[in-house]
Amino acid sequence: MKSTPTGPSTDVRKTKNTKSTKNSKVTGNTGNTGNPVQRNVLISGASISGPALAYWLHRSGWAVTVVEKAGALRAGGYPIDIRGTAIEVVRRMGILPRLRDAHIDSRRCTFLDSDGDTVTSVSPSAVAGSVEGQDLEVRRGDLAELLHALVRDDVEFLFDDSIDTLDAPHTPDIPGRYGQGVDVTFRSGRRRTFDLVVGADGMHSHTRELVFGPEERFHHYLGYCFALFTMPNSFGLSREVMLWNTPGKAAALYAVGDGDELHAFLNFHRPQPPFAALRDPGAQKQLVAAAFEGAGWKVPDLVDAMRHADDLFFDTAGQIRIPHWSRGRVALVGDAAYAPSFLTGQGSSLALAGAYMLAHALATHRDHTAAFAAYERDTRGFVAMNQALVDKGGASLFPTTARALEQRNAMLRDLVTLPSPPARPAHSALTLPEFAHQSR
């Protein structure tokens, strides 16, 4: 998802994000001495896939710059999952123990009917298809902070800035050399040249739009709109989820701990995406309020809290499906290339695994064209399996008909008496290649 408001800001502009700009004119030419010059890369986006990619590229000898349009990292935030192959990625990065410490460990997920009566309570891991004791659920900001801490002393961060234009020279590249580069003009007015540029700037990627065209070409709408925001914990919830449903509508409250704040979620089915509302916060609130008019339980309280929230995030559930993840010297990673939607719960895991695979390909193939081809060849099947989770029941938590809702409730009641279902094969379908240490 696009940069979601996730709570109080942690200002990192005073950390080592204004590292010397000596790389601003460095390209990959061999120069007059015949000795290779350190290659440099610009990564747009400092959420998850961006700093993860920065870590692995720095390790293999790249000079890395990360540009982020937000003025600072955002702490806390809504929960995200790290499963299967992504667990191995964070283990190899050395942050698995700290992520286990940050694990939310929700105790139960309670499903409610239209009147607010309990349908059943089940283990959150049984609903998500995750492996209890192995897979993780952490606040998005906690993962982002850990990734940033890994690289902040080795990578240049440019906060409160973004890419304005990209200009790659049209002269042919020489295989195995990085002599042409990409000329980048930033919103701030500064100009730099990089050997490669990577868009890690989310589902609504500006980098992708500059290089591949409008998002509408690649956005596959899945039929839902949603709103995320925080509200006071007047329900007394602790480490649990409450989910209310009627056909085509859902409201959820998520307590990530024992605090006085809840993450609220309102989700509703809509046949066509409301593109105009995506740029109009007022229209978003009106659209959500209209969708839930007359709803039971505590939904009117959630709608009222949404109207007054200062951290509302509204978007559509959709996937990015693009024929190729690179063009010339520009590549995409994470949601910018293959957002799977929140309905799969795999966005962060794909971001971590994809960053690893792209960095491994660039470490293995000095020619970027070959590297990008290898990255796509070795990762696309994994992405396709995880995006297909929507077609294989990933959206079953939000039925759009009364019959489908009753079928889902019957399935949930069975989970109480039957053994938890096994982890979904798609979560671990990618075996990571070994990342060799390389000299810098």
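Looking at region 40-59, which of the residues that are in a helix (DSSP H, G or I) and among the hydrophobic types (A, V, I, L, M, F, W, C) is nearest to Asp154 (Cα to Cα)? Among them, the one singled out is Ala54. Residue count for region 67-110 satisfying the condition of being under 21 Å from Arg424 (Cα atoms), of a type in the set (Val, Ile, Thr) and free of Cβ contacts under 8 Å to residues at least 60 places away in the same chain: 1.
Consider region 271-287. How many of its residues are farther than 12 Å from Tyr224 by Cβ and assigned to a loop (DSSP other than H, G, I, E, B)? Before the answer, list the steps.
The first filter runs over region 271-287 and keeps only residues farther than 12 Å from Tyr224 by Cβ, leaving 275-287.
Narrowing further to those that are assigned to a loop (DSSP other than H, G, I, E, B): 280.
Number of matching residues: 1.
Contact map, region 149-165: residues that are without any contact (Cβ under 8 Å) to a residue 24 or more places away in the chain paired with residues that are part of a strand (DSSP E or B), Cβ distance under 7 Å, separation 6+ or inter-chain. Pairs shown: Asp164/Thr185; Asp164/Phe186.
Could you please let me know if Ser428 is open to solvent by less than 80 Å² (accessible area, probe 1.4 Å), at pLDDT 85 or above and in contact with a strand residue (DSSP E or B) (Cβ under 9 Å, 6 or more places away or on another chain)? No.
All told, Met357 falls short of being open to solvent by 50 Å² or more (accessible area, probe 1.4 Å) and at pLDDT 95 or above. Applying a threshold of 8 Å to beta carbon distances and a minimum spacing of six or more residues, or different chains, the list of pairs starting in region 278-297 at a residue that is over 19 Å from Met203 (Cβ atoms) and free of Cβ contacts under 8 Å to residues at least 12 places away in the same chain and ending at one that is surrounded by 16 or more Cβ atoms within 10 Å (Cβ to Cβ) and of a type outside the set (Lys, Arg) reads Ala283/Ala277.
Here Met385 passes the criteria (1) open to solvent by 60 Å² or more (accessible area, probe 1.4 Å); (2) outside any loop (DSSP other than H, G, I, E, B); (3) modelled with pLDDT under 95 except the one numbered (3).
Quick check on Ala289: is it among the aliphatic types (A, V, I, L, M) and under 25 Å from Thr401 (Cβ atoms)?
On the way: among the aliphatic types (A, V, I, L, M): yes; under 25 Å from Thr401 (Cβ atoms): yes.
Taking the combined requirement at face value, the residue satisfies it.
Among the residues of region 62-82, those that are open to solvent by less than 10 Å² (accessible area, probe 1.4 Å) and either assigned to a loop (DSSP other than H, G, I, E, B) or of a type in the set (Ser, Thr, Tyr) (or both) comprise Trp62, Thr65, Gly76, Gly77.
Restricted to region 132-143, and to residues there that are touching a Pro at 6+ places or on another chain (Cβ under 8 Å) and of a type outside the set (Lys, Arg), the residue that is surrounded by the fewest Cβ atoms within 10 Å (Cβ to Cβ) is Glu137. Taken residue by residue, region 319-326 has no member that is crowded, with 21+ Cβ neighbours inside 10 Å, among the hydroxyl-bearing types (Ser, Thr, Tyr), more than 30 Å from Asp195 (Cβ to Cβ) and in contact with a strand residue (DSSP E or B) (Cβ under 9 Å, 6 or more places away or on another chain). Screening Pro421, Pro340 for residues that are assigned to a loop (DSSP other than H, G, I, E, B) and modelled with pLDDT under 95 leaves exactly one candidate, Pro421.
Kindly indicate whether Arg380 is part of a helix (DSSP H, G or I), open to solvent by 20 Å² or more (accessible area, probe 1.4 Å) and not acidic (Asp, Glu).
yes
The values are calculated or read from the model by the stated rules, or taken from the named source; none is laboratory data. Keep in mind that what you see is a predicted model, and the values were worked out from it rather than measured. Cβ atoms come from the backbone with ideal geometry, glycine included; neighbour counts cover every protein chain shown. Side chains are part of the model used for accessible areas, which takes the heavy atoms of the whole protein and leaves out ligands, DNA and RNA. Shrake-Rupley method; radii C 1.70, N 1.55, O 1.52, S 1.80 Å.
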